[in-house]
Amino acid sequence: MTRFGTGRYAALASVAATALLAGPAIGQDGGDLRMLWWGSQPRADRTFEVIDMYEEANPDVSIQGETVGWSDYWTRLATQVAGRNAPDVMQQDYRYMFEYAGRGALLDMMPYRDEILTLPGVSEESLESGMSDGKLWGVSLGVNSVAMMVNETIFEEAGVPLPENGATWEEIKQLAIEVAEKSDRIDYGVEDSSLYENSFQNWLRQRGKDLYTAEGELAFEESDVVEWYEFWADMRESGAAPPADVQALDQRSIETHMVSLGNVAMGFAHSNQLVGFSAINEDEIVMRVFPLVEGSTNEGHYFKPSQLLSVAASTEFPEVSVDFVNYFITDTEAGKVLDVERGVPISDEVRDAIRSELDEDGLAQLEYIEALDPYAGPLPPPPPQGAGEIDQMMARVGQEVAFGQLTPEEGAARLVSQAESILSR
Amino acid sequence: MSSPTEPPGYAAAAATPLIVPTGRRARLTRALGSSGAAYVFLFPWLAGFLILTAGPALYSLYLSFTDYDLINPPRWAGMDNYMRIATNDPKFQDSVRVTLTFVLLSVPLKLAVALGVAMLLNRGLRGLTIYRAIFYLPSLLGTSVAIAVLWRQLFAGDGLINNLLLGIGIQGPSWISSPDTALYTLVILAIWQFGSPMIIFLAGLRQIPVDIYEAARMDGASKARQFWRITLPMLTPVVFFNAVVQTIDAFKAFTSAFIISGGTGGPINSTLFYTLYLYQEAFGYFRMGYASALAWILLIIIALFTAFSFLSARYWVHYDD
Amino acid sequence: MTDVRAAETEQEPQDRSILRSILTHALLIAFSFAMLYPILWMLSASFRPTDEIFSSTSLIPSQVQVRSYPEGWFGLRVSFGQFFVNSMVIAVLSVIGNVAACSLAAFAFARLNFPWKNFWFALMLGTLMLPYHVTLIPQYVLFLNLGWVDTILPLVVPKFMATDAFFIFLMVQFFRGIPKELDEAARMDGCSPFRIYWKVILPLSLPVLATAAIFSFLWTWDDFFGPLIYLNSMEDYTVQLGLRSFIDATGQSNWSGLFAMSILSLLPVFLLFIFFQRLLIDGIATTGMK
């Protein structure tokens, strides 16, 4: 399968030079592309099928698909990018994409917007999530948002009414205590989400704040963190949420999630993960919006891309690559193959075309997103460089508070000072 | 490792560390021919070293003095990375403490278990092949993702270990997710995978001629005495090898913490192995220059340990030459 | 030379030795269970429905389904048969490369004298100490420039250049245990260093060569990092990469397929281990020393 001989560098250089001189206007007819994505078997099957369809329609294009799991993906991609051998088309994660874009590894697709990246049926709004400074780094592969995963079976067995959209945190706390008491399968009601950035962000946004400003600075105060930590300390003490050593079993994967491990009846994740939760849980899992704070702005949620499709800045075939992105996102036949496996498609046309073919989980996902508007606000500014490290640091400090090594005040002070030091690095 | 008071009669008269050529060795070499022959033997390794290893290693040394984000060209940063590690990096200190604890606990215990089992298996027992294979099985699973799932099943709050403990009336914590105990579950994992040193010990035990034991028995030496006076001294080159290699491996331990902590080194950095931290810096946070500096500091730490082992070897390792 | 049989030649009163042997076996069997537990658990997981794997702590599945084996085997775009072939090719070449190249270097370090020997030896050990994460990218660039990426060459060629210092060090330690008198006798007969290496040292070193072969095979078989970086297309994937393709922490994973194929992936190495370790034991018994 080796496509590149030893002479590929010279070839690459000359093609790159031509492309640079001519700009995107010259027509490219064919090319050998590579596409890299993470995911597992069902995604690979679907993606390869769409690649085959595209190749059939464009006989002079060949696309080599490469796929690995999430945990291996970033090592592989970083090595290839560092070796100047980046895949032409790559799946990106919302946060990592800006890390790559900020360092110049991705192609700005805006110049192709008129002729190639026409994206029929896609609103301008849904492109914003892949943009910074007016440049388009990636196109969303699916609309997504955070969601509360609820184990319906446990609630039914315990005879406790399911939480409803629009429930407050206080109501969820009471429900959690009640369901934990009445069910003999769980000891706690709701997972301790104090460690997780997504939940913290949702909570902040309901209070009119956010994680980061557009300038890449912290958009919350130390006092917000103190309140957040105190709220969760109360949740743990009341028995609504599990103690720190139970919560620490969670490694932010679906199979280690508190809900999947059977420790709680309610937890927090992303809406496109419902399929994954359903696959490894014998129980019925349903989704609800995040609980509300007192006097909520009702803007805690926002529509974010489950993943994005980006093109490498170093590609020899920018036009073909962008055309493939366009096809992947907006072709209705491709959409039927891809289903909602990567999240709800951003194109209205694709969405309408696949609706009748969705299974139960797919439909639940689509309906969740469509019903989310009353709880969703505008897209936050793109996360600054270092956001990934801050996310990890937040989880660590959150654990130190939960394990009682730090008071909420000390934890908040540490979180803010370490976040500022990471942002300034 | 305790040293026997006197080496067995007809083993080497004195321990000869590799790094000190003896007169006898020099004589032999002279007879064998010029050093040209030696370099012919060394050629594949030397070529591989110079082409495949030395270049990338030296490049990483250069990178350790730069800011390198993997995508843009490295920018010279002088001693900045090293200064930061020395003065302003609590995670570095955490990872050094975690790694040293892991090395000091896992290496001696793993070697002791491996040697004990190897001696047990060196007898003429029925079904030896099967036992040996079974004891090697955990090592076969080395990097499997299945280990992560399994370890949680064993060491979680409601896991198998706690169920057993409940049987004798003890309510255990969630071992794998408590900052005080998580590291020990990784130590247990390391010990449990004792297959490689066991095999090497077995090969070493097989090299000890039987007639020595026969002679000792005729002299009326007890089993314990035979072990301390014959087995252990004759085995010292292999013990030395295993100790050095396992120590290096333990310093570089990565995969077990990576899969069991989900790459975080948590809870609260309690399993943040040095190389895991290095990996996070390099591939998680795009700081390959900083990671390279960390790597070279680790190399120096390991080299000091190894040099110390080699220096001490002349007092307790017996070669038959 | 005397025949070597290890401690089994001990003669003790028979009844005592039977009691002893029962005790030893009881100990070993109890120990075996602790060692085997994970395999049993994996075996049981491979027959379970996926949604039961994480919730049940029992070793016995509530219902047995063999489905996950064919589903795992043909579950990816390329069948596991191909992955097994790929892994086998890489592992066998690695064994040949490691044993040949490392024994040459080890002979030089153990038996010959040459200028800068200590220096080279220290450097050789030093290569064991640098974490591979930081040499990964320069090495990748090197292999990319050679046009080797997406082939098995980056995984195999280094083995023929003895880049795995572990095996050199291992062989040095064992070669040094072979009595020098044998070399000297051969030298008296006019043997060159190459003949001594070939006719004296190698035949006497079968146990350590077998050990090196076993480890080379197992470690290559288990390695996923090298293949992850250098093998791009799924047609070239090894078994370990195939296994990892089942799992995606952020989405849907095929756990029962993973466990089924994990069990199958252990089979060849397990059989090979049993075969080679016999060589290890026979080797020493037939040659005998001193």
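Helices that extend 20 Å or more along their long axis by alpha-carbon positions and average at least -1.0 on the Kyte-Doolittle scale are, among the DSSP H runs of chain C, C:14-46, C:80-111, C:206-222, C:255-287. Along its principal axes, chain A has C-alpha extents of 67, 49, 37 angstrom, given from the largest down.
Panel note: the C-alpha atoms of the protein assembly as shown, placed on their principal axes, show extents of 91, 74, 56 Å (largest first). Membrane-span-like helices in chain B, defined here as complete DSSP H runs extending at least 15 Å along the helix axis by their C-alpha atoms with mean Kyte-Doolittle hydropathy no lower than -0.5, are B:35-48, B:90-121, B:128-140, B:145-155, B:182-192, B:195-206, B:232-251, B:288-316; this is a sequence and geometry rule, not a statement about a membrane.
Mean residue ellipticity at 222 nm from the helices of chain A, using -39,500 (n - 2.57) per DSSP H segment of n ≥ 4 over the full residue count, to the nearest 500 deg cm²/dmol? Can you show the working numbers first?
Numbers: 16 runs with 184 residues, N = 425.
About -13500 deg cm²/dmol.
Could you work out which residue, out of C:ARG176, C:ARG244, C:ARG77, moves most in a Gaussian network model of chain C, that is, has the largest mean-square fluctuation with Cα springs under 10 Å? Fluctuation is largest for C:ARG77. Using the alpha-carbon centroid of each, what span in Å lies between region A:128-207 and region A:362-425? The two parts, judged by their Cα centres, are 14 Å apart.
Karplus-derived 3J(HN,Hα) values for region B:66-71, using 6.51 cos²θ - 1.76 cosθ + 1.60 with θ = phi - 60°, are 10, 9, 9, 9, 6, 10 Hz; glycine and proline are entered as x.
Quick one: P(r) of region B:88-316 from all Cα-Cα pairs, 10 Å bins, percents rounded to integers, in order of increasing distance. Binned Cα distances yield the sequence 7, 26, 30, 22, 11, 3, 0.
The angle separating the long axis of helix A:197-206 from the principal Cα axis of greatest extent in chain A is about 70 degrees. Of the residues B:GLN171, B:GLN93, B:GLN193, the one that moves most in a GNM of chain B with alpha-carbon contacts below 10 Å is B:GLN171. Per-residue ellipticity at 222 nm, computed for chain B from helices alone with -39500 (n - 2.57) per DSSP H run of at least four residues, works out to -20000 deg cm²/dmol. Between their Cα atoms, which of B:LYS252/C:LYS159; B:LYS91/C:LYS159; B:LYS252/C:LYS180; B:LYS223/C:LYS117 are more than 29 Å away from each other? Beyond 29 Å: B:LYS91/C:LYS159; B:LYS252/C:LYS180; B:LYS223/C:LYS117.
Annotation for region A:167-229: GluC sites (Glu not before Pro) lying in DSSP loop with at most 13 further Cβ atoms inside 10 Å of their Cβ are A:GLU215, A:GLU217, A:GLU221. Here the 3J(HN,Hα) profile of region A:89-101, calculated from phi with Karplus coefficients 6.51, -1.76 and 1.60 at θ = phi - 60°, is 10, 9, 7, 10, 9, 3, 6, 4, 4, 6, 5, 5, 5 Hz, Gly and Pro shown as x. The residues packed around C:ILE201, meaning those with a beta-carbon under 9 Å from its beta-carbon, carry a net charge of +1 if Lys and Arg are +1 and Asp and Glu are -1.
Rounded to the nearest 10 degrees, the angle from helix A:222-237 to the longest Cα principal axis of chain A is 60 degrees.
Relative contact order of region B:88-316, taken over Cα pairs closer than 8 Å and 6 or more residues apart, is 28 percent. Size estimate for region A:298-422 follows the Kirkwood approach: the inverse of mean 1/r over distinct Cα pairs works out to 18.2 Å. As I understand it, the value is the acute angle between the Cα axis of helix A:318-330 and the longest principal axis of the Cα atoms of chain A; what does it come to in degrees, rounded to 10? With rounding to tens, the tilt is 50 degrees. Separation of region B:152-216 and region A:260-278, taken as the distance between their Cα centroids, equals 34 angstrom.
Inverting the pair-averaged 1/r between distinct Cα atoms of region C:76-289 gives 19.2 Å as its Kirkwood hydrodynamic radius.
How much of the DSSP beta bridge set in the protein assembly as shown is antiparallel, as a percent to the nearest 5? Mind showing how you got there, number by number?
Numbers: 24 of 37 bridges.
About 65 percent, rounded to the nearest 5.
Considering every alpha-carbon pair of region A:234-337, the percent of pairs per 10 Å bin, from zero through the bin containing the longest distance, is 11, 27, 28, 19, 12, 2. Scattering from region C:53-153 was approximated by placing one identical point on each alpha carbon and applying the Debye formula without solvent; log10 I(q)/I(0) at 0.14, 0.16 1/Å stands at -0.90, -1.01. Using a ≥ b ≥ c from the Cα gyration tensor of region B:124-210 (square roots of the eigenvalues), is it rounded, prolate or oblate, where a/c under 1.5 gives rounded and otherwise the larger of a/b and b/c decides, a/b for prolate? Verdict is prolate for region B:124-210.
Kirkwood Rh over alpha-carbon pairs of region B:195-302, then Stokes-Einstein at 25 °C and 0.890 mPa s: what D in µm² s⁻¹, rounded to an integer? The Stokes-Einstein estimate is 144 µm²/s.
I'd like the distance between the alpha-carbon centres of region A:41-95 and region C:32-108, rounded to an integer number of Å. After rounding, the separation between the Cα centres reads 26 Å. Between B:PRO233, B:PRO56, B:PRO108, the GNM of chain B built on Cα springs shorter than 10 angstrom shows B:PRO56 fluctuating the most. Close amide-amide hydrogen proximity is noted between B:ARG287 and B:ALA282, each under 5 Å apart and 5 or more residues distant or on a separate chain (H modeled in the peptide plane; Pro and chain starts excluded).
Bear in mind that the values in this text are calculations on the coordinates, not laboratory data. All values reported here derive from a predicted model rather than from experimental measurement. FYI the Cβ positions are ideal-geometry reconstructions off the backbone, even for glycines, and counts take in every protein chain you see.
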